[in-house]
Amino acid sequence: DSLEDIDTDIITLPRYITENQQNIKDARGDFTLVLNALGFAFKFISQTIRKAELINLVGITGNTNSTGDQQKKLDVLGDEIFINAMKGSGIVKLLVSEEQDDLIVFKHNDAKYAVCCDPIDGSSNLDAGVSVGTIVSIFKILPGSTGNVRDILRAGTEMVASCYAMYGASTHLLISMGNGNGVQGFTLDNNLGEFILVYPDLRIPPQRSIYSINEGNTYYWSDPIKQFVAQLKEPQQHIDGKPYSARYIGSMVADIHRTFLYGGLFAYPADAKNPNGKLRLLYEAFPMAMLIEQAGGKAVNDRGERILDLKPEHIHDKSSVWMGSTEDVDAYLRHIGKL
Ligand code: P6P
């Protein structure tokens, strides 16, 4: 593009925080440190994934790397990157990771935040070149706490922020910096090494006839869920007279990202194999529910309870989820008599 087309007034993630710190709690210092550490972790994981994909391609030709060492599983790498970035921030007291059985408490004395994450969600899809992501929820530790499980076994409404990075053709970051601050969408400019604001105050469409669910589980669903999904396939008289369209990627970040941009309904119900659902509350359902709600959508479980009102008993607790455009989630709530 020609020189005069260059936008010289771009809003980077650090600039966004600085310009909006009056309504972002703690943004005068500590919170900014956490967000900068998150930004670094996402950039590092993004670069590692692209490098790993390249290595895999080399691997296919039968060459091995110089030392011939076994390439670490990418989700272990992503987890190490994330743990070191949070430890290095100096302001995160404890960390819950999908990859770690127990929570990790850092030695920092005046650290104030608890971070829960799925470092590379959907990693099983990587070899197929499907977009994967990192999902993060952030709590402030309780007053006087020295960092323990009580800081995060709380209702989702007590989160101070949530975000996800999606490693697709580009690396996208959607973030909610506290209740009422909406959702901001950034895209990583690899040359600058900065996340640039591209979707200020992102709003999810109120309705879209797209449903996103793994129908391979149909046999194991309860009858009300079987009936609800079956009727999505019939002409929708009250909307446009057409049936819903099916879109399922099997990588939560990719399915939710599409739901943000196009609208529709994403669901992972409980079934006979997963009686509490498959998705984890602290680092999948909670952060996505906060983002969806802050963008004007809805997020409930099979019983129609608001996800953010739930409270985990263990750090890896699961929940069923129905989330996305309000009118489509409401169709489910009406079906189960909750609306
Ligand atoms: P299924 C990926 O493993 C994951 O945790 C989410 O990213 C995704 O939404 C879900 O599981 C897919 O599960 O059973 O449909 O393959």
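Annotations for the structure displayed:
- Selected residue (criterion: farthest from the ligand (Cβ to nearest atom)) from residues of the range 107-119 that are touching a helix residue (DSSP H, G or I) at 6+ places or on another chain (Cβ under 6 Å) and open to solvent by less than 10 Å² (accessible area, probe 1.4 Å): 113
- Scan of the range 176-227 for residues that are within 16 Å of the ligand (Cβ to nearest atom) and not acidic (Asp, Glu), ordered by number: 210, 211, 212, 213, 214, 216, 217, 218, 219, 220, 221, 225
- As a summary of the residue check, residue 18 satisfies the conditions (1) open to solvent by 80 Å² or more (accessible area, probe 1.4 Å); (2) modelled with pLDDT under 75 except for the one numbered (2).
- In the range 255-270, the qualifying residues are those that are open to solvent by 10 Å² or more (accessible area, probe 1.4 Å) and more than 9 Å from the ligand (Cβ to nearest atom), and the one that is nearest to the chain's Cα centre (by Cα) is 257.
- All told, residue 136 meets the bar of being within 17 Å of residue 35 (Cβ to Cβ) and either within 16 Å of the ligand (Cβ to nearest atom) or open to solvent by less than 40 Å² (accessible area, probe 1.4 Å) (or both).
- Within the range 1-47, tally of residues that are in a helix (DSSP H, G or I) and under 24 Å from residue 138 (Cα atoms): 28
- Taking the range 88-167 and the strands (runs of 3 or more DSSP E) fully enclosed by it, the elements with 3 or more residues that are closer than 21 Å to residue 51 by Cα and either modelled with pLDDT of 95 or more or within 14 Å of the chain's Cα centre (by Cα) (or both) are at 113-121, 132-140, 159-167.
- Any hit, the range 196-210, residues being outside any loop (DSSP other than H, G, I, E, B), of a type outside the set (Asp, Glu) and under 15 Å from residue 322 (Cβ atoms): yes
- Every residue from the range 278-298 that is touching a helix residue (DSSP H, G or I) at 6+ places or on another chain (Cβ under 8 Å) and farther than 15 Å from residue 253 by Cα: 293, 295, 296, 297, 298
- Which numbered condition residue 175 misses (of (1) touching a Ser or Thr at 6+ places or on another chain (Cβ under 9 Å); (2) over 16 Å from residue 18 (Cα atoms)): (2)
- Checking every residue in the range 231-238 against the condition of being modelled with pLDDT of 95 or more, more than 26 Å from residue 199 (Cα to Cα) and among the acidic types (Asp, Glu) gives at least one match.
- Hey, residue 198 without any contact (Cβ under 8 Å) to a residue 24 or more places away in the chain and surrounded by 14 or more Cβ atoms within 10 Å (Cβ to Cβ) or not: yes
- With respect to the stated conditions, residue 240 is away from the ligand (no atom under 16 Å from the Cβ) and of a type outside the set (Val, Ile, Thr).
The values are calculated or read from the model by the stated rules, or taken from the named source; none is laboratory data. None of these values were measured; they are calculated from a predicted model. Quick reminder, even Gly has a Cβ in these numbers, built from the backbone with ideal geometry, and neighbours come from all protein chains shown. Protein only, heavy atoms only, side chains kept; ligands, DNA and RNA dropped before computing areas. Shrake-Rupley method; radii C 1.70, N 1.55, O 1.52, S 1.80 Å.
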